[in-house]
Structures are given as structure tokens and as C-alpha cells.
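So the structure is just underneath, and the comments pick up after that.
The values are calculated or read from the model by the stated rules, or taken from the named source; none is laboratory data. Please read these numbers as outputs of a predicted model, since none were measured by experiment. Reconstructed Cβ throughout: ideal geometry from the backbone, glycine too, with neighbour counts over all protein chains shown.
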Amino acid sequence: MIWFFDSWIGGLTVLREFQKILPEYDYCYFGDNARCPYGDLDDALIRQYTEEGVEFLFDQGAEIVILACNTATAHAIRYLQQVRFPDKKILGVTIPGAECVTEGGYKKIGVLATESTVRNRAYKERVHIIDDTIHIQEIAAPELVPLIEAGIFEGTAMEQILSNHLGKFDADIEALILGCTHYPIIRRHIETILPRLPIIDPGYESAIKFREYLIRHPSIEKNLSRWGKTMFFTSGNTENFMKTGSKILEKDIAHIISLPL
Ligand code: DGL
């Protein structure tokens with residue numbers, strides 16, 4: 001099984017890409033919706049919540065965990081990989097997103113993300129490890145996650161907030177990273193406002209890189225179960241998760257296990 005962690009439903013956009021690209025495997029998704037949004041929390045709390053969520057997944061027997069959240073990846077992945085769970089496999093979404101920038105030959109990029117991902121300079125730092133001449137402009141859009149969580153994926157409020165934040169980017173950015181896993185849900189509106197700009201979705205990039213990772217790591221791949229099934233856990237309201245989550249995955253979430261953290 002491939003295990004996913006996110007603060008709530010945003011990570012379903014990452015799961016969706018994995019299921020399209022690697023449909024044969026089994027998946028387990030845990031959304032910490034009781035404590036979402038992480039994007040407004042302080043750094044220590046984001047790390048603590050992510051650690052608790054990931055620990056729960058390892059306690060269930062997870063062999064490999066994908067942090068399907070930019071905010072959690074930005075604040076916790078190094079600590080989890082190097083200090084807390086050095087013998088386990090944990091992958092995030094920001095490195096595949098950053099690699100897409102350098103592999104695409106872009107010289108100036110915009111990143112739309114949560115407040116805490118921007119504060120952490122997550123994409124700037126990761127892109128600059130590969131090429132420090134690339135210009136990265138990071139803009140926070142704190143209002144978007146609460147709206148999406150409320151099931152509001154369109155409408156005037158959404159469009160005004162998006163126009164306002166997207167209007168802050170320099171006119172000469174060559175592509176835009178969706179630096180929050182909630183944003184692919186409103187990608188259509190972003191593309192309407194910036195019609196000719198290439199969009200980078202780190203969730204999609206992560207699925208592509210994960211397929212390559214499995215080829216390079218046959219010992220991990222051979223242990224993954226393959227029934228094409230998905231299991232869901234949430235720390236919060238199961239009804240909300242099933243309703244909004246089914247909309248995002250475009251298929252019914254029929255069963256979800258409640259897990260108060
Ligand atoms: N989905 C998370 C991300 O990718 C953010 C949501 C939140 O603020 O909890 O950053």
C-alpha cells in the first residue's frame with residue numbers, strides 16, 4: 001500500500017494523480033481535517049501535527065509515506081526523514097515541483113502557496129539547490145484553503161481573491177507552481193485568469209517521479225499490494241470528508257474511518 005498524509009482534502013489532488021498514473025496499487029489516505037488549515041499555524045505546530053499523522057501511518061504498518069501537502073513537506077520533511085524516522089521512507093511534493101522548474105528550463109517562476117509555505121521559502125530554497133540563477137516569486141493566498149474546505153470551488157468570492165493574488169505576480173513569470181495541494185481543485189479558474197501561463201502541479205510531478213522511483217527501487221515496489229483499492233482515515237467530520245472528497249476524486253468515497261488524534 002502507498003500511504004498519504006495531508007492536513008485535509010488537498011492531498012486528494014495528489015492521490016488522484018497517483019491513481020491515474022499508477023492505478024494498480026493500493027492506497028491509504030489520512031486527512032487531519034480536525035486540525036486543518038495547517039497553513040496558518042506556527043512552524044513548530046505544523047511539524048508536530050505532521051509528525052503525529054505520519055507516526056500514526058507507520059503504526060498502521062506503512063512502508064512508504066507521501067506527504068501530500070506542501071506546508072507539511074516544507075516544515076517537517078527533513079526532520080522526519082533525518083531525525084524522527086531515519087529508517088523509513090517518506091517523500092514530499094516540493095522536490096518534484098522544483099525539479100520540474102529546472103528540467104523545464106524556466107528562468108522566472110511564480111509560486112502561489114499558503115502563508116507558511118511562503119514564509120518557509122520552500123520552493124525558492126529547493127529550486128536554488130539545483131540552480132540559484134532562477135528567479136522565484138512566492139505569493140501567499142491565505143483565503144483560498146478555507147474557501148475550498150467549505151466546498152466553494154467557484155463563484156465571485158473565489159474569482160476575486162484569485163485575481164487579486166495572481167495580479168501580484170510580475171508579468172514576465174514563465175510558469176506558475178500550484179504550491180498548495182488544494183489549488184489544483186481551482187486550476188480551471190487560475191487558467192482563466194492567466195490563460196497562456198504554463199501551470200506546474202507538484203502532485204502530478206510527484207506521481208511521475210514516484211513511478212521512476214519504483215523502477216529504481218524494485219525491492220520496495222515488490223512489497224506494494226495491488227488490488228487497486230483505497231482506504232481513507234480522517235481526524236474530523238466523516239460526512240464532510242466523503243462529500244467534498246468524492247467531488248475532488250470524482251468517485252464515491254463510500255467508507256471512511258474516523259480517527260480522533
Ligand atoms: N494542502 C496544504 C498544502 O499543500 C495546505 C492546506 C492547509 O493550510 O492545511 O500546503
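Annotations for the structure displayed:
- Residue ranges of helices (runs of 4 or more DSSP H) in the range 173-237 with at least 2 members surrounded by 15 or more Cβ atoms within 10 Å (Cβ to Cβ): 187-193, 202-216
- Residues that are touching a residue at least 24 places away in the same chain (Cβ under 8 Å), within 14 Å of the ligand (Cβ to nearest atom) and in a helix (DSSP H, G or I) within the range 33-62 comprise Tyr38, Gly39, Asp40, Asp43, Ile46, Arg47, Tyr49, Thr50, Gly53, listed in sequence order.
- Selection status of Pro146, in contact (Cβ under 8 Å) with a residue 24 or more places away in the chain and part of a helix (DSSP H, G or I): yes
- Some residue of the range 6-28 being at pLDDT below 95, within 16 Å of Ala74 (Cα to Cα) and assigned to a helix (DSSP H, G or I): no
- Residue check for Glu149: surrounded by 15 or more Cβ atoms within 10 Å (Cβ to Cβ), of a type in the set (Asp, Glu) and near the ligand (Cβ under 10 Å from one of its atoms): yes
- Tabulated pairs, the range 76-105, first farther than 19 Å from Tyr38 by Cβ, second among the acidic types (Asp, Glu), C-beta under 6 angstrom, 6+ apart or interchain: Pro96/Glu205; Cys100/Glu205; Thr102/Asp131
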